[in-house]
Amino acid sequence: MMSNHVHLLVSPKVEPARFLQSVKGYTAREANRLLQRTGQPFWQSESYDHWIRDGHEFERAQNYIECNPVRAGLVMQREQYRWSSAYAGCDAGVAGSKARSTDLLV
């Protein structure tokens, strides 16, 4: 999760458009509730999806997502970014451990 966008690396069990609509709808309602906003769109209508075809491509996408806060200058190491699957303090395991293809990465 970045300040102006979100990356998800998921294997949805439903059609991707339906999955994204559900995620965006829920998160928009919660964010607008926390921000005490009504009647304002939270997400832009655009999105970008990419099909992951094999384990190598999964690792490339995972690396890209987890290194995004480093490239943006928010942290020096990806394990330091609290809102990342690479975060050293996360419940998913130890820092630097590789996620499985069924894990959710943000």
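Summary of values
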read-out: Considering residues of segment 1-20 that are outside any loop (DSSP other than H, G, I, E, B) and under 15 Å from the mean Cα position of the chain (by Cα) only, the residue modelled with the lowest pLDDT; value: PRO16
read-out: Segment 47-81, residues that are without any contact (Cβ under 8 Å) to a residue 12 or more places away in the chain, farther than 28 Å from ARG18 by Cα and of a type outside the set (A, V, I, L, M, F, W, C); value: ARG71, GLY73, GLN77, GLN80
read-out: Failed item in (1) of a type outside the set (S, T, N, Q); (2) in contact with a His (Cβ under 9 Å, 6 or more places away or on another chain); (3) at pLDDT 85 or above, with LEU105 passing the rest; value: (3)
read-out: Extreme residue, farthest from TRP83 (Cα to Cα), among residues of segment 1-46 that are in contact (Cβ under 8 Å) with a residue 60 or more places away in the chain and of a type outside the set (Val, Ile, Thr); value: SER11
read-out: Residue within segment 27-36 that is within 17 Å of MET1 (Cβ to Cβ) and within 12 Å of the chain's Cα centre (by Cα) present; value: no
read-out: Residues of segment 50-75 that turn out to be surrounded by 10 or more Cβ atoms within 10 Å (Cβ to Cβ) and part of a loop (DSSP other than H, G, I, E, B), as a count; value: 4
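The values are calculated or read from the model by the stated rules, or taken from the named source; none is laboratory data. Source: prediction; values computed, not measured. Quick reminder, even Gly has a Cβ in these numbers, built from the backbone with ideal geometry, and neighbours come from all protein chains shown.
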